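One structure is given here, and the rest of the page talks about it.
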Amino acid sequence: MTIGDLRVILADIPVRRPHEMSFTTLKAVNYVFVRVETRDGLVGWGEAACLGGPTWSEESAESVAVTIERYLAPWLVGRDATQIEALNREMARRVQGNPFARAAVEMALWDLNGRALGVPVHRLLGGRVRDRVPLSWSLAVADPDAELAEARAKVALGHRIFKIKTAAHPLAHDVERVRRLREALGPDVSLRVDANQGWDRPTALRAIRALEPYALDFVEQPVPRWDLGGMAEIARSVTVPIMADESCCSPHDTLAIARLGGVSILSLKLTKSAGILGTMAIARIAEAAGLGCYVGCMIETSLGTAAYLQVALAAAPVTWGCELFGPLLLLGDVVRRPVAYEAGAILALDGPGLGVEVDETLLKEWTR
Ligand code: MG
């Protein structure tokens, strides 16, 4: 299992409709794909999805590619791919921060190990505790009528959970969107709101109180990621549960959030947490602190989605479902058989490694 070659591929895949969030309106997702080949010819794949440059965090697809090519690939070649934990620690020592870059490489190592053993990655994480994960669809459509039509079409297909992206517009506009959606979809559909750090403390309080009549499951990341105190304070002042996303990237963040209290749900993402090991650590700390977990996304292809799904299947604290809808929003994919959905859920993958087969001809279509 000696690593013989590590290659980085930059690609862009358009979304089916513009995706409007507090920090950017997305027309395409930028990807870094990592292809690791052992000296025996076994190939593993990883992926980092970035939303419109360094907007969600400091990393962009370009910075991820350079970090991997210049500071990770050269010493990884010749190393033993079975030593994921040891390689992970060395990556963290050689590269400060840059979790998306480290995650893409770690994903490929997991894929390689699963393939070498002929088992899905979730088996290496303790086996799956569920065979499907309830799926949330993100509503981020500029036109409120088009948004309502999209939600209705999704309900007809079996979707029962929606996350409404807010804070790109004045508060009154967002409250009206939520009111219309609740009225049109009825009480049995789950509604959640994600402000993507878009409010300050007073606006967040005003927003959540105005949204309270619409029975939201949770409000995600109402304030900037650095304002842990504000998030805890807001969580204690409202009845809607508060979920941390941008604020919760590392196990250290998780411990700080748990100590401050207030926040009751965490969003897990492999890329922001430097891979599967970091994400599983966060899930365990969450469980010990009595917090629930949800698996978020950065609009991954079926490859990245499959990696996130391994955690969603194996991590018991993931009791709030997932938003692994990337392949449904993208205009294209990079695998032979995309991940599968049924009745508002994403289905388990049981193939070896991450469970999907990258199609290098398909990938070429999107490569820069
Ligand atoms: Mg979020």
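The values are calculated or read from the model by the stated rules, or taken from the named source; none is laboratory data. For clarity, every value in this text was computed on a predicted model and none was experimentally measured. Positions of Cβ are backbone-derived with ideal geometry, glycine not excepted, and every protein chain shown enters the neighbour counts. What goes into the accessible areas is simple: the full protein's heavy atoms, side chains included, and nothing from ligands, DNA or RNA. Shrake-Rupley method; radii C 1.70, N 1.55, O 1.52, S 1.80 Å.
Tell me which strands (runs of 3 or more DSSP E) are completely within segment 41-146 and hold 1 or more residues being under 20 Å from GLU360 (Cα atoms), or say none if there are none. Passing ranges, in order: 43-50. Cβ-Cβ distances below 6 Å connect the following pairs, each with a first residue in segment 153-180 that is farther than 15 Å from GLU323 by Cβ, a second residue that is open to solvent by 60 Å² or more (accessible area, probe 1.4 Å), and a separation of six or more residues or different chains: GLY158/ALA343.
Could you list, in sequence order, the residues of segment 188-211 that are assigned to a loop (DSSP other than H, G, I, E, B) and either touching a Gly at 6+ places or on another chain (Cβ under 7 Å) or over 21 Å from ILE161 (Cα atoms) (or both)? Steps first, please.
Initially, segment 188-211 is screened for residues assigned to a loop (DSSP other than H, G, I, E, B), giving 188-189, 195-200.
Once the filter is applied, which keeps residues that are assigned to a loop (DSSP other than H, G, I, E, B) and either touching a Gly at 6+ places or on another chain (Cβ under 7 Å) or over 21 Å from ILE161 (Cα atoms) (or both), segment 188-211 yields GLN197, GLY198, TRP199, ASP200.
Beta carbons closer than 6 Å, at least 6 apart along the sequence or on distinct chains, pair a first residue in segment 182-203 that is touching a residue at least 60 places away in the same chain (Cβ under 8 Å) with a second that is open to solvent by 50 Å² or more (accessible area, probe 1.4 Å) and within 16 Å of the ligand (Cβ to nearest atom) for ASN196/PHE23; GLN197/ARG225.
Every condition in (1) closer than 12 Å to VAL133 by Cβ; (2) touching a helix residue (DSSP H, G or I) at 6+ places or on another chain (Cβ under 9 Å) holds for TRP320 except the one numbered (2). The single condition among (1) open to solvent by 60 Å² or more (accessible area, probe 1.4 Å); (2) over 29 Å from GLU342 (Cβ atoms) that ARG128 does not satisfy is (2). In segment 179-197, the qualifying residues are those that are out of contact with any Pro (no Cβ under 8 Å at 6 or more places or on another chain) and of a type in the set (S, T, N, Q), and the one that is least open to solvent (accessible area, probe 1.4 Å) is ASN196.
For every residue, the table says whether it meets (1) surrounded by fewer than 16 Cβ atoms within 10 Å (Cβ to Cβ); (2) under 30 Å from ARG259 (Cβ atoms).
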| position | (1), (2) |
| --- | --- |
| ALA151 | no, no |
| HIS173 | yes, no |
| ARG177 | no, no |
| PRO202 | yes, yes |
| LEU211 | no, yes |
| ARG225 | no, yes |
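Would you point out the residue of segment 159-171, among those that are open to solvent by 10 Å² or more (accessible area, probe 1.4 Å) and within 15 Å of the ligand (Cβ to nearest atom), that is farthest from VAL240 (Cα to Cα)? Among those residues, the one meeting the criterion is ALA168.
Within segment 260-273, residues that are in contact (Cβ under 8 Å) with a residue 60 or more places away in the chain reach partners that are open to solvent by 10 Å² or more (accessible area, probe 1.4 Å) and within 14 Å of the ligand (Cβ to nearest atom) with beta carbons closer than 6 Å, at six or more positions or on different chains, in the pairs LYS272/CYS249; SER273/CYS249. Reported count of residues in segment 78-89, each being farther than 13 Å from ASN113 by Cα, surrounded by 15 or more Cβ atoms within 10 Å (Cβ to Cβ) and over 24 Å from the mean Cα position of the chain (by Cα), is 1.
Among the residues of segment 40-77, those identified as surrounded by 20 or more Cβ atoms within 10 Å (Cβ to Cβ) and charged (D, E, K, R) are GLU47, GLU59.
Can you tell me which residue is surrounded by the most Cβ atoms within 10 Å (Cβ to Cβ) among those in segment 20-39 that are touching a strand residue (DSSP E or B) at 6+ places or on another chain (Cβ under 8 Å) and part of a loop (DSSP other than H, G, I, E, B)?
We begin by selecting, within segment 20-39, every residue touching a strand residue (DSSP E or B) at 6+ places or on another chain (Cβ under 8 Å); these are 20-22, 25-39.
Now narrow it down to the ones that are part of a loop (DSSP other than H, G, I, E, B): 21-22, 39.
Details: MET21: 21, SER22: 18, ARG39: 13.
If we take residues in segment 20-39 being touching a strand residue (DSSP E or B) at 6+ places or on another chain (Cβ under 8 Å) and part of a loop (DSSP other than H, G, I, E, B), then MET21 is surrounded by the most Cβ atoms within 10 Å (Cβ to Cβ).
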